[in-house]
Amino acid sequence: MNKNSSNIMALAPNTSNKRETVCIFGTGDFGRALGHKMIHSGYPVVYGSRSTQISNLIPKDAEVLGHAEAAQKAAIIIIAIQRQHYNFLTPLAEVLRGKVLVDISNNLKLNQYPESNAEHLAQLLPGSKVVKAFNTVSAWALQSGTLDASRQVFVCGDDVEAKQMVMNIVRALGLTPLDKGSLLAAQEIENYPLQLFPMWKFPMILSLGLTAFFFFYCLALDVIYTYIYENNNFSFFIAITIPNRVCPVMALILLALVYLPGIFAAIIQLYRGTKYRRFPDWLDKWMLCRKQLGLIALAFASLHVVFTLVTPMRAFVSWRTSKGIIAQALNNKTEPLNNTNAWISDSYLALGILGYFLFVLLGITSLPSVSNNVNWREFRFVQSKLGYLALILCTAHTLVYGGKWFLSPSAYKWYLPNIYILSLIVPCAVLVVKFVLIFPCVDKPLTQIRQGWERNPKYSE
């Protein structure tokens, strides 16, 4: 009986842990969405508004009062209004004294004001405890419940206790709070929603630039050259043939660029004899966007796979195949199977399949949901060891496929090398230098440096 009673007591709701009332100043889209979410999470909500008339848009379980009266009912007040309307809060300074004010506002452009909105609010109401939070969550996500992409909430403030109270609310709403420190971090937090893929900017610009270069390079050699000198109109190559040449080239080069900054970092550390000096800014930024470069490379590799699969469906391929069959029939001669070409064909296809498999594995393990479930050694093994293996296989795939053009004079149209020759420059350079770095005479001092050893320590014991 006692055992059953204890189970019933454990399953019963704890009515003593009633949540505190939260006040929201502002009945706009975000204020209503946040209030609705809080009510569903068990918080009593009172709105402070100029008009105390109940609207159909306001959550039905919420109370609407004047600003002063609503503020007196709660210790935490969420300021869901724009900065330009903060002046109405000044007459309420005494009512708001000692209260926790949560600033959720954003600006229209980066660094719009000298100080952050939260710091400005703290200057207007020095007797209140200002905390910055919720500005990275959208009203639509709160209303629809699709918070997967915006579950993290950045929180900052000078008062530790006030910040903890706000973080408790964040957790109760099913979100993840991230403490960013003092209110000085509010400027950075307010800039987050205004940044458009900040870590993707350099990878995207680089990818677009290289894609345009290789596309026009192929256009000149495969379409314009053949039209001028061979009087063949291959303009339809623009649709599939040229993209199917550009995509693998881009995938291979971008994959090599993922591992190239690590090569530079190792050389710099060996030269300096220490790891306690910052890398150049360009190298720091490059290393920070390696994940984005790798994912773009995977996208190009996937496009290459799709283009290759649809190749047999093309009219040009069907015409070329039937032409070869007819030529053999007219000459009453059947060409025997060339075992060498068969081996080369199967080898480069096998290398490509294995390389793409590891490519996909690298992309999957870079996802936060996967990387958070492996330890650092496992993650490094996949991204470094298997990553270099993927680079080796993809480079070998390109070498086997395009190696025959290295010494062929017909491949150098207008004295320009074939696109596959250009694609091998960066990955081969990366692999050669990496091969040198794994020699014991080089790897041992590099490992010691990364473990804290210094060739010329600044301070002696």
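Here are some notes:
- Residues within the stretch 242-284 that are within 20 Å of the chain's Cα centre (by Cα) and outside any helix (DSSP H, G or I), tallied: 0
- Entry remark, the stretch 191-212: residues being in a helix (DSSP H, G or I), within 30 Å of Val102 (Cβ to Cβ) and either open to solvent by 50 Å² or more (accessible area, probe 1.4 Å) or at pLDDT 90 or above (or both) number 5 in total.
- Residue match in the stretch 157-172 (condition: at pLDDT 90 or above, closer than 26 Å to Leu96 by Cβ and in contact with a helix residue (DSSP H, G or I) (Cβ under 6 Å, 6 or more places away or on another chain)): yes
- Residues satisfying the stated conditions in the stretch 414-456, i.e. aromatic (Phe, Trp, Tyr) and on the phi < 0 side of the Ramachandran plot: Tyr420, Phe435, Phe439, Trp453
- Scanning the stretch 245-266 for residues that are more than 30 Å from Leu221 (Cβ to Cβ) and in contact with a Leu (Cβ under 8 Å, 6 or more places away or on another chain), we see that the one that is most open to solvent (accessible area, probe 1.4 Å) is Phe264.
- Of all residues in the stretch 213-241, those that are closer than 22 Å to Trp319 by Cβ and open to solvent by 70 Å² or more (accessible area, probe 1.4 Å) have Cβ atoms under 9 Å from Cβ atoms of residues that are among the small types (Gly, Ala, Ser) and in a helix (DSSP H, G or I), 6 or more apart or on another chain, in Tyr227/Ser235; Phe236/Ala315.
Matching residues to (1) open to solvent by less than 60 Å² (accessible area, probe 1.4 Å); (2) farther than 22 Å from Asn244 by Cβ; (3) at pLDDT 90 or above:
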position	(1), (2), (3)
Tyr415	no, yes, no
Asn418	yes, no, no
Ile421	yes, no, no
Leu431	yes, yes, yes
Val436	no, yes, yes
Pro440	no, yes, yes
Pro445	yes, yes, yes
Ile449	yes, yes, yes
Lys458	no, yes, no
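- The helices (runs of 4 or more DSSP H) found entirely in the stretch 335-452 include none that carry 2 or more residues being among the β-branched types (Val, Ile, Thr), under 24 Å from Val249 (Cα atoms) and over 30 Å from the mean Cα position of the chain (by Cα).
- Residue match in the stretch 164-186 (condition: of a type in the set (Ser, Thr, Tyr) and over 30 Å from Tyr412 (Cα atoms)): yes
- The residues of the stretch 383-410 that are modelled with pLDDT of 90 or more and charged (D, E, K, R) amount to a single one, Lys385.
The values are calculated or read from the model by the stated rules, or taken from the named source; none is laboratory data. All of these numbers come straight from a predicted model, not from anything done at the bench. Neighbour counts are summed over all protein chains in view; Cβ atoms, including those assigned to glycine, are modelled from backbone coordinates with ideal geometry. With ligands, DNA and RNA removed, areas are computed over all heavy atoms of the protein, side chains included. Shrake-Rupley method; radii C 1.70, N 1.55, O 1.52, S 1.80 Å.
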